[in-house]
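Step one of this worksheet: look at the structure below.
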């Protein structure tokens, strides 16, 4: 993925002595890393090693046990600015198997609803989004009647088409078939080149696009 224009306001996420534990068990600690905008990073490690926990910590949804995290911006005047972690959710979109859709809504209603809280990329309409992900014929069907693969396509869409600088993906191809894997790669290549993308996965096809890899076992 290409580096963004230096005038882009967002620069990245920096963590210093980052650590999280549950009771006496450390999930990770002493993590010092900088995730830069325009980069694509993979978080790898065995099942149950804490990949999802690290991703959720980066998203600001978990309190740290030690260390600090900084979300850095630089304006067109070149001066750096730090965003309040309490408001970082406005800058981040996430797709994960454990995040649920509003299944009483249709696909179209869900994207409209989502867009009220996190604006979608203005250059592409909801109708076009549904067409891109192959759900245009199911736009008015309630999500509860979707297959698991159709639901995953919608989860990816609400995250990837959000107009935010940071995209977090946890096992993004769960329940997808071969055509779904191809769609996933097309979405990243076509719509995420200027975002910071962090992917938690052990699936080689999910992380083959990543230029940097972080093995969580190195931080136990």
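Throughout, read-outs are computed from the coordinates displayed, never taken from laboratory work. Note that the coordinates shown come from a computational prediction; the quantities given were computed from them, not determined experimentally. When we count neighbours, we look across all protein chains shown, and the Cβ atoms used for this are built from the backbone with ideal geometry, even at glycine.
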remark   = Residue separation between residue 205 and residue 175 times 0.36 nm, minus their alpha-carbon distance, gives in nm 9.4 nm
Selected from 91, 205, 158 as most flexible by GNM, with the chain as the system and alpha-carbon contacts under 10 Å = 205
ask   = Helix 178-191: angle to the longest alpha-carbon principal axis of the chain, degrees 0 to 90, nearest 10?
value = 70
task = Considering only DSSP beta bridges where both residues belong to the chain, give the percentage that are antiparallel (nearest 5).
result = 55
ask   = Which distance in nm do the two modelled labels at residue 24 and residue 105 give, with both placed 7 Å along the Cα-to-Cβ direction?
value = 4.5
message = Compute a Gaussian network model of the chain, connecting alpha carbons closer than 10 Å, and tell me which residue from 137, 51, 195 fluctuates the most.
response = 137
key: the chain - mean residue ellipticity at 222 nm from DSSP helices (-39,500 (n - 2.57) per run, n ≥ 4, rounded to 500)   = -7500 deg cm²/dmol
query = How far is it, in nm, from the label point at residue 124 to the one at residue 144 when both lie 7 Å from their Cα along the line to the Cβ?
reply = 3.0
ask   = Any idea what angle helix 148-160 forms with the longest principal axis of the chain, computed on alpha-carbon atoms, 0 to 90 degrees, nearest 10?
value = 60
request  = Grab the Cα-Cα distance for residue 185 and residue 163, subtract it from 0.36 nm times how many residues apart they are, and report the gain in nm with one decimal.
outcome  = 6.1 nm
remark   = Taking a ≥ b ≥ c as the square roots of the eigenvalues of the Cα gyration tensor, with a/c under 1.5 meaning rounded and otherwise prolate when a/b exceeds b/c and oblate if not, the stretch 10-219 is prolate
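How do 64, 169, 217, 135 line up, fewest other C-beta atoms within 10 Å first?
On the way: 64 16, 169 28, 217 11, 135 19.
So the residues, fewest neighbours to most, are 217, 64, 135, 169.
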request  = Take the Cα of residue 36, step 7 Å along the line toward its Cβ, and report every residue of the stretch 188-220 whose backbone nitrogen sits under 13 Å from that point.
outcome  = 196, 211-212
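Quote the FRET efficiency, to the nearest 0.05, computed for residue 17 versus residue 82 with a Förster distance R0 of 22 Å and r equal to the Cβ-Cβ distance.
Details: r = 17 Å, r/R0 = 0.79.
Rounded to the nearest 0.05, the efficiency is 0.80.
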task = Note the angle between two axes, namely the Cα long axis of helix 107-117 and the longest principal axis of the Cα atoms of the chain, as a number of degrees from 0 to 90, rounded to the nearest 10.
result = 40
